[in-house]
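First comes the structure, then the notes that go with it.
The values are calculated or read from the model by the stated rules, or taken from the named source; none is laboratory data. Just so it is clear, the structure is predicted and the values come from calculations on it, not from any experiment. In this analysis, Cβ positions are derived from the backbone assuming ideal geometry, glycine residues included, and neighbour counts consider all displayed protein chains.
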C-alpha cells in the first residue's frame, strides 16, 4: 500500500511544484519598449534619413510615416554610425 501511494503521490507533487515554479519565475517579466529613431530612404535618395520615432517592441503596427505625400516604412539601424537601415521597427499604437 505504501509503495502504491508513494508511486502516485510523489510524481504528482513534483509536477505541481514544477508548474507552480514556472509561473512564479515568469511573473515579473515585462517587455519594456525603447524609443528609437526611424529612418527612411526617400525616393531618389541613397542615405537613411531620420524622420520619426519608433519602438522596438513587437506589435501589430509597423512604424510608417508619410513624407512629401508618399508613405514610407521606417527602419532602424544597428548603430547610429551605420549607413544601412534595415531593422523593422514598430509603433505602440496605430496613430
Quiz item: Taking segment 64-76 as the region of interest, how many residues are under 16 Å from residue 42 (Cβ atoms) and touching a strand residue (DSSP E or B) at 6+ places or on another chain (Cβ under 7 Å)?
Solution: 8
Quiz item: Since residue 3 meets every condition but one in (1) part of a strand (DSSP E or B); (2) at pLDDT below 80, which condition does it not meet?
Solution: (1)
